[in-house]
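The values are calculated or read from the model by the stated rules, or taken from the named source; none is laboratory data. Computed from a prediction, not measured in an experiment: that's the story for all the values here. Quick reminder, even Gly has a Cβ in these numbers, built from the backbone with ideal geometry, and neighbours come from all protein chains shown.
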Amino acid sequence: MRWNRICLGQRFITVLILAIGLNAYGCKDSVSVSEDVQVPLSSLTVTPGTLQPGFFNNTTNYTVNAPTSATSVTVTAIPKDNTATVTINKAVTTHLSVPLGGPGSTTIITIVLEAQNGEESTYTVTVTRLLSSDNGLKTLTVTPGLLVPDFASDQLTYTVDEPTNVSNVTVSATKSDPNAVMLIESILISPITVPGGTPSSGPVNIPLTGPGTNTVVSITITAQNGSKKTYTITVNRAAPSSNNNLSALSVSVDTVTQTLSPTFTPNTTDYTVNVATDVPSVDVTATKSDPNAVILGDLPNEGHATIQLDGPGTSKTVSIIVRAPSGNQKTYIITVNRAAPASDNNLLALTVTPGTLVPVFASSTTTYSVNVGSTITSVTVTATLSDTTATMTINGQGTSSDQARDIPLGVAGSSTEVNITVIAPSSDKKIYLVTVIRPLPSNSDLSTLTVTPGTLVPNFVPSETIYSVNVPLTVDSVTVTATKSDPDAGMSGDVTAGAGTTTGEATISLGLPLIPTTRTVQITVKTQDGISTKTYTVTINRGVF
């Protein structure tokens, strides 16, 4: 009995302390403290979440606030008596995943413990899935334009600078929490509400107020729990520009840029360009400093045009007017001078191949001669124009500058005239005359010489004229054969051949055999022009060696 009194006293003190503690911390009706929990728990956890109040085995009612992102919680209930049966939401287990309702909903979890003797205890946990407090943006853009500073979810104010010609911008925003509500407002548009469940508001067209003003766009995000955050974008539209300058100006001919005089600067408005007489048009390109300015005059607004020029020796004026967005104008003038036709009818160079001009070529010298070999049947004439816009003929045949022309020559001993006529762009003519002289051949050589039977000593070469041949005593005659290098040369002596005949042959008698004897054979070759001769001598020795 004494033990029972002590136990009853301890229980009373425990209940008294618990009651005082709960009263001090404002315990609600949802917290139940039982003095006689017959089958207690030793631990109870709900994940994610925190039990309110903290676990005490005699406290049977709890609440848990789960985050909005939690779609379920895991309940773990461990009895003090490991032989007790634990049932969580009617499932016999000490560990159970319990699905939750949507944000803002509550879910009641019942944990029943039953001892082997039939005693029971019940614990209750009420889980509230919190509403989201996410009232931020995940993305925010303005097109065209650039947010300053760069977007960050916790940065609420921005500015965007737009040129004067931009009258509308597009705002796109994405909520961090798709279930939040977004409201976009501007003084020039009706409020646009993006309900929960729709993540993006974009794109929204925002009209801007006039040039030189600003337009404020506000984006308010209301979280599920009612908390709000407002992002503000101030769009500054620039005032109309008064920039009526060009940033670049060029004149080109067949993509080759011509020289402006003076060199281009935006503040200089008058220029000249000189082009060749054969240039019929020029391409003029002008670039506006302010893209919103307008180009007028001889160029369209895109700033490029092909300008047709008047005849050679004339000038053409090109007017380029630049009108700024503010209305201010500036006029640039380009005077294009087309050169008069050139009167240059000279040759810069003249060659005849093979051959050498006599005298040495000079543009002012118009008469030349060239001596070539008698075997040359044609020459190549190449003439270079001083003015490439001039025209030229060689022996009446149209010829370009540096174009080679083959000129056939007359027979040996004749002369051939080559006429080179140069016509300047102004139609002035100049004639160069080249006389090509092909002389008669002057070759007095033999190309071959043989004695049969026998061998020439030394071996035959055209430049060697003295030879000997040794034959046996039994030979009574030899045959001498000679061939001229020039078929039209004359050949006389012991061996003859007329003009046009290449080879001569003669039989030379040595008298009765077996008698030693010496015989000299002479062959004389005379050139076509009759100026020079050459005599070849062959000494035939029979038995004398």
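Look through the range 358-390, keep the residues that are touching a Leu at 6+ places or on another chain (Cβ under 7 Å) and in a strand (DSSP E or B), and return whichever of them is surrounded by the fewest Cβ atoms within 10 Å (Cβ to Cβ).
Per the criteria, the residue is Thr367.
If I ask for residues that are surrounded by fewer than 16 Cβ atoms within 10 Å (Cβ to Cβ) and not charged (D, E, K, R), which ones from the range 398-417 would you list?
Hits for the range 398-417 are Gly398, Ser400, Gln403, Ala404, Pro408, Gly410, Val411, Gly413, Ser414, Ser415.
Considering only the range 309-318, I want to know if a residue exists there that is among the basic types (Lys, Arg), closer than 23 Å to Asn267 by Cβ and at pLDDT 95 or above. Before you say what the answer is, go through the steps one by one.
Of all residues in the range 309-318, those among the basic types (Lys, Arg) come to 316.
Next, from what is left, pick out any that are closer than 23 Å to Asn267 by Cβ: none.
No, that holds for no residue.
When you scan the range 86-97, do you find a residue that is of a type in the set (Lys, Arg) and surrounded by fewer than 12 Cβ atoms within 10 Å (Cβ to Cβ), even just one?
Within the range 86-97, one or more residues are of a type in the set (Lys, Arg) and surrounded by fewer than 12 Cβ atoms within 10 Å (Cβ to Cβ).
Tell me which residues, restricted to the range 169-194, are farther than 23 Å from Pro103 by Cβ, assigned to a strand (DSSP E or B), aliphatic (A, V, I, L, M) and touching a Ser or Thr at 6+ places or on another chain (Cβ under 8 Å).
Val169, Val171, Ile184, Ile192
With respect to Ala152, determine if the residue is within 48 Å of the chain's Cα centre (by Cα), over 30 Å from Ala293 (Cα atoms), in a loop (DSSP other than H, G, I, E, B) and modelled with pLDDT of 95 or more. Don't jump to the end; show me each part of the working.
Working: within 48 Å of the chain's Cα centre (by Cα): yes; over 30 Å from Ala293 (Cα atoms): yes; in a loop (DSSP other than H, G, I, E, B): yes; modelled with pLDDT of 95 or more: yes.
Criteria met by Ala152.
Being charged (D, E, K, R) and surrounded by 14 or more Cβ atoms within 10 Å (Cβ to Cβ) is the filter; apply it to the range 418-435 and report the residue that is farthest from Ala342 (Cα to Cα).
Lys430
When you go through Val166, Val217 one by one, which is the residue that is crowded, with 16+ Cβ neighbours inside 10 Å, among the hydrophobic types (A, V, I, L, M, F, W, C) and outside any loop (DSSP other than H, G, I, E, B)?
After ruling out the rest, the residue left standing is Val217.
Can we say Leu146 is assigned by TED's automatic domain parsing to the domain that holds Ser227 and either touching a Leu at 6+ places or on another chain (Cβ under 6 Å) or not in a strand (DSSP E or B) (or both)? Walk me through it before giving the result.
Values: assigned by TED's automatic domain parsing to the domain that holds Ser227: yes; either touching a Leu at 6+ places or on another chain (Cβ under 6 Å) or not in a strand (DSSP E or B) (or both): yes.
Criteria met by Leu146.
Here is a check on your reading of the model: is Lys138 more than 21 Å from Ser227 (Cα to Cα) and either modelled with pLDDT of 95 or more or basic (Lys, Arg) (or both)? Give the steps one after another, and end with the answer.
Values: more than 21 Å from Ser227 (Cα to Cα): no; either modelled with pLDDT of 95 or more or basic (Lys, Arg) (or both): yes.
The answer is no for Lys138.
Would you call Val112 under 29 Å from Asp36 (Cβ atoms), touching a Gly at 6+ places or on another chain (Cβ under 9 Å) and outside the structural domain of Gly196 (by TED's automatic domain parsing)?
No: the conditions fail for Val112.
Does any residue of the range 34-55 turn out to be at pLDDT below 95, surrounded by 12 or more Cβ atoms within 10 Å (Cβ to Cβ), under 30 Å from Pro99 (Cα atoms) and in contact with a helix residue (DSSP H, G or I) (Cβ under 8 Å, 6 or more places away or on another chain)?
Among the residues of the range 34-55, not one is at pLDDT below 95, surrounded by 12 or more Cβ atoms within 10 Å (Cβ to Cβ), under 30 Å from Pro99 (Cα atoms) and in contact with a helix residue (DSSP H, G or I) (Cβ under 8 Å, 6 or more places away or on another chain), which makes the answer no.
In the list Ser201, Ser186, Ser190, which residue meets the criterion of being small (Gly, Ala, Ser), farther than 14 Å from Asn236 by Cα and touching a strand residue (DSSP E or B) at 6+ places or on another chain (Cβ under 6 Å)?
The conditions single out Ser201.
For the range 247-307, please list each of the strands (runs of 3 or more DSSP E) lying entirely inside it that holds at least 2 residues being out of contact with any Ser or Thr (no Cβ under 8 Å at 6 or more places or on another chain), surrounded by fewer than 17 Cβ atoms within 10 Å (Cβ to Cβ) and hydrophobic (A, V, I, L, M, F, W, C).
Fully inside the range 247-307 and qualifying: 294-297.
Using the structure shown, decide if Asp406 is farther than 30 Å from Ser509 by Cα, in a loop (DSSP other than H, G, I, E, B) and within 56 Å of the chain's Cα centre (by Cα).
Working: farther than 30 Å from Ser509 by Cα: yes; in a loop (DSSP other than H, G, I, E, B): no; within 56 Å of the chain's Cα centre (by Cα): yes.
No.
Quick one: which residue in Ala66, Ala77 is modelled with pLDDT of 95 or more, in contact with a Lys or Arg (Cβ under 9 Å, 6 or more places away or on another chain) and among the hydrophobic types (A, V, I, L, M, F, W, C)?
When all the criteria are applied, what remains is Ala66.
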